[in-house]
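S.K.: Take this structure first; my questions come after.
The values are calculated or read from the model by the stated rules, or taken from the named source; none is laboratory data. Everything quoted here is computed from the prediction, not taken from an experiment. Note: ideal-geometry Cβ built from the backbone for every residue, glycine included; neighbour counts use all protein chains shown.
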Amino acid sequence: MEWLNYHHLRYFWVVAREGGLRPAAEKLRVSPPSISAQIRELESALGERLFRRSGRGNVLTDAGQIALRYADEIFGLGRELLNAVKQRPSAQTLRLHVGVADSFPKLVTAQILEPVFNLPQAVHVICREGKVEDLLAHLVAHRLDVVLADEPAPGSLKVRVFNHRLADCGVTFCASARLAARLRRGFPRSLHGAPALLPAEGTGLRRSLEGWFHSLGLTPRLVAEFEDAALLKVMASAGRGFIPVPSLVAAEAVNRYDLRVVGSTEKCRDQFFAITADRRIHHPAVAVVTATGTG
């Protein structure tokens, strides 16, 4: 069995964090050649170069970036272990690992997590974005505490997970000021043939939108589709097309991205779920999320 030399990893970590061998040597109180030799041994064990030359300095390679992320986590947990054993105040800090689906609106994420930061205990939240399928794999492996998604976990999963419905709401259509002024007249018929920026295919909101468009005989002109809801709003603010926004956060989206409301409907719905690996929730922060939701 291969074992990672954490002494070597710590030298690498300090060099990456301090920005070079010399400042790292001063902090660690060892010579630069000694640190360099330790890093070479780590590279040999990993089979990858962690730094590459750039001008007069060194920068992290792709493998180095990955190693740095893991090192941050490893040494962060080490500090927490010391705090816990020595009964320091920070021993009470909760770590909450949250998976957020790419299609899940960031403004809704902020609302859902807000009560977590009001807990009497300090909370350290770690968010990971990705495809729902990948996030659920991390959830069942207990690398995530909860997954936020815009639809329940699929029944085809080979393992059992539990869906907690947080909220559902209608949809508000927004656009830049000039485009919104034009589309308000005759809404929703005005959306027929209008430039549209939509969530990616396969998302819950996209399916709901397509069903609503079809029921009204509307065919917007699809300009672009996005997995990232925040990027969708940025493009809309540039006047590229109208966008659907959960009515729950429409006012904040309008203010933050300088958009205008075109119109809204309650017949097209957006849903929000928290997904957990266990029916009985023991993590205090996850309990707050599933109980409070967005109200």
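S.K.: Given the stretch 1-71, what helices (runs of 4 or more DSSP H) lie entirely inside it while holding 3 or more residues that are crowded, with 19+ Cβ neighbours inside 10 Å and of a type in the set (Phe, Trp, Tyr)?
M.R.: 6-18
S.K.: Taking the stretch 153-167 only, how many residues are more than 19 Å from Glu129 (Cβ to Cβ) and in contact with a Phe, Trp or Tyr (Cβ under 7 Å, 6 or more places away or on another chain)?
M.R.: Qualifying residue count for the region: 4.
S.K.: Here is a further query. Taking the residues in the stretch 263-284 that are at pLDDT 90 or above and buried (at least 20 other Cβ atoms within 10 Å of the Cβ) as candidates, determine which candidate is farthest from Arg182 (Cα to Cα).
M.R.: Ranking the qualifying residues of the stretch 263-284, first place goes to Thr276.
S.K.: Only residues in the stretch 194-218 that are without any contact (Cβ under 8 Å) to a residue 60 or more places away in the chain count as the first member; pair them with residues that are among the acidic types (Asp, Glu), Cβ under 7 angstrom, at least 6 apart or cross-chain, and list the lot.
M.R.: Leu198/Glu225; Glu201/Glu225
S.K.: Shifting gears a bit: Among the residues of the stretch 3-13, is any of a type in the set (Ser, Thr, Tyr) and modelled with pLDDT of 90 or more?
M.R.: The answer is yes, given that some residue of the stretch 3-13 is of a type in the set (Ser, Thr, Tyr) and modelled with pLDDT of 90 or more.
S.K.: Let me ask something else. Pairs please, first residue from the stretch 35-54 and touching a residue at least 40 places away in the same chain (Cβ under 8 Å) and not assigned by TED's automatic domain parsing to the domain that holds Glu18, second anywhere and assigned to a helix (DSSP H, G or I) and surrounded by 12 or more Cβ atoms within 10 Å (Cβ to Cβ), Cβ atoms under 8 Å, 6+ apart in sequence or on different chains.
M.R.: Listed pairs, sorted by first residue: none to list.
S.K.: Moving on to the next point. Ile112 passes all but one of (1) touching a residue at least 60 places away in the same chain (Cβ under 8 Å); (2) in contact with a strand residue (DSSP E or B) (Cβ under 6 Å, 6 or more places away or on another chain); which number fails?
M.R.: (2)
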